[in-house]
Amino acid sequence: MFKSLMFASSVVALSSAAAADLTAMETKWLQAASPVLSYARQIDLPLDIIVQPTPGAHDVPLAMGFANGRCKLVLTLRENPQAETTLDGVPEAEHALFIETMAAHEIGHCWRYAQGVWHTLPAGFTETSSETGTPELLAMARQQRETRREEGFADLVALAWTQQHHPAEYARVHQWIAALRADQPVPRGAHDTRV
């Protein structure tokens, strides 16, 4: 079901057979992400790229997974309504910048995983919580905090990438990420990184 792709040091390199299987949208997203993917290769992140031919019920256009000690950057663009709406309000000419930002966010997840620090606190920090409830609810709350921490870290990676590679666009990218994070179905949910 998956089409695995390899990437070269400066651009996403696809065999002609693999490239022929990609849609125009998949090619656009991979090309836009190529600076980030090149950087990931330079720092030797264990990264594979997966292009899914069909979406699952809750698949987002770009996500990071982990399997067998490797990061899996998963593109789910075909027949995925979120692929069309993710960049709503962003002029077509600026899509590449925001796709690159999303890729940097996902590479932030990969870096944490590759460093063996996934869901851990930074050195010197202690987790505190004032939450109460059943053991099951407390476990769910802890899981949300851990995920929110990873999402927050990845958001900061995306912003740092933007500051370094597109400093003139930093304010716009920050505003876009802030708007995405403000639009959450549940306050303080796993993707509410505003804190």
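Since every read-out is calculated from the coordinates, none of them should be taken as a lab result. Keep in mind that what you see is a predicted model, and the values were worked out from it rather than measured. Methodologically, a virtual Cβ is constructed for each residue, glycine included, from the backbone with ideal geometry; neighbour enumeration extends over all protein chains shown.
So how far apart, in nm, are the two label points at Glu127 and Glu92 if each is 7 Å from Cα heading toward Cβ?
4.6 nm
Using only Cα atoms, tell me the angle between helix 135-165 and the longest principal axis of the chain; keep it within 0 to 90° and round to the nearest 10.
Approximately 50 degrees, to the nearest 10.
Calculate for the chain the 222 nm mean residue ellipticity that helices alone would give, adding -39,500 (n - 2.57) per DSSP H run of length 4 or more and normalising by residue count, nearest 500 deg cm²/dmol.
One gets -16000 deg cm²/dmol as the mean residue ellipticity at 222 nm.
Could you tell me how many degrees, from 0 to 90 and to the nearest 10, lie between the Cα long axis of helix 95-114 and the main elongation axis, the longest principal axis, of the Cα atoms of the chain?
60 degrees
Treat each spin label as a single point 7 Å out from the Cα along the C-beta direction, and report the Gln31 to Gln163 distance in nm.
Label-label distance for Gln31 and Gln163, simple model: 3.1 nm.
So if we plug the beta-carbon distance of Leu180 and Glu146 into 1/(1 + (r/R0)^6) with R0 = 35 Å, what FRET efficiency do we get, rounded to 0.05? If you can, show how the numbers build up before the last one.
Working: r = 20 Å, r/R0 = 0.57.
It comes out at approximately 0.95.
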